[in-house]
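Remarks on the structure that follows.
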Amino acid sequence: MKAASIKEIKQELSTRSQSELLRLCLHLAKFKKENKELLTYLLYEASDEQTYIESIKIEIDKEFELINRQSFYYIKKSVRKILRTVKKYIRYSKKKETEVELLIYFCIQLKQMSPAIEKNTVLFNLYNRQIEAIKKAISFLHEDLQFDYNYELENINN
């Protein structure tokens with residue numbers, strides 16, 4: 001089965017009734033966990049972005065506490081999992097401010113972790129890639145926000 005394009009789907013959805021759209025949305029939510037998470041964000045959390053960011057930061061903290069620190073193998077797996085989750089939440093929001101704030105917080109947590117990430121090349125490179133992603137996202141923001149976030153980024157690296 002070939003999936004229809006977004007344009008085709010949009011046209012078809014515009015012809016459907018409100019009750020049919022509701023039924024389709026509920027069916028999507030039942031089909032996959034990510035769809036349900038996205039709908040939850042759009043319906044309940046999109047109106048208060050700061051609370052959304054704070055809840056994700058709390059989740060990041062919990063995940064960093066649960067990391068098995070016996071070997072760098074387990075640390076790398078856990079850090080990658082945390083980063084995947086953070087990126088998923090960033091995709092839900094689609095706001096550059098949210099992206100910058102969450103990635104900066106992720107990098108702070110990664111930098112404070114023990115054993116130090118400098119002892120492992122993979123973790124250190126992952127950290128550096130996220131710093132570059134933050135710099136790229138900052139370049140799309142308003143000048144005042146750029147200044148604030150660049151200052152925060154400098155504090156991380158020192």
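Please work out if LYS10 is among the charged types (D, E, K, R), without any contact (Cβ under 8 Å) to a residue 24 or more places away in the chain and farther than 30 Å from SER114 by Cα. For LYS10, the condition - among the charged types (D, E, K, R), without any contact (Cβ under 8 Å) to a residue 24 or more places away in the chain and farther than 30 Å from SER114 by Cα - is met.
Looking at the structure I just gave you, is SER93 polar (S, T, N, Q) and closer than 30 Å to GLU152 by Cβ? Before you say what the answer is, go through the steps one by one.
Numbers: polar (S, T, N, Q): yes; closer than 30 Å to GLU152 by Cβ: yes.
So SER93 fits the description; yes.
Residues in the stretch 44-92 that are over 16 Å from PRO115 (Cβ atoms) and either of a type in the set (S, T, N, Q) or in contact (Cβ under 8 Å) with a residue 60 or more places away in the chain (or both): SER47, GLN50, THR51, SER55, THR85. Only residues that are surrounded by 11 or more Cβ atoms within 10 Å (Cβ to Cβ) and basic (Lys, Arg) were counted in the stretch 1-57, giving 4.
Condition test on GLU65, is it within 26 Å of LEU39 (Cβ to Cβ) and more than 11 Å from the chain's Cα centre (by Cα)? No; evaluated as a whole, the condition is false for this residue. In the stretch 1-54, the qualifying residues are those that are assigned to a loop (DSSP other than H, G, I, E, B) and charged (D, E, K, R), and the one that is farthest from the chain's Cα centre (by Cα) is ARG16. The set of residues from the stretch 77-100 being surrounded by fewer than 18 Cβ atoms within 10 Å (Cβ to Cβ), more than 8 Å from the chain's Cα centre (by Cα) and either modelled with pLDDT under 95 or not basic (Lys, Arg) (or both) comprises SER78, LYS94, LYS95. In summary, helices (runs of 4 or more DSSP H) completely within the stretch 61-158 and bearing 3 or more residues that are closer than 24 Å to TYR41 by Cα occur at 72-93, 96-112, 121-138.
The values are calculated or read from the model by the stated rules, or taken from the named source; none is laboratory data. Worth saying up front: this structure is predicted, and the values here are computed from it rather than measured. Cβ sites come from the backbone with ideal geometry, for glycine too, and all protein chains shown count toward neighbours.
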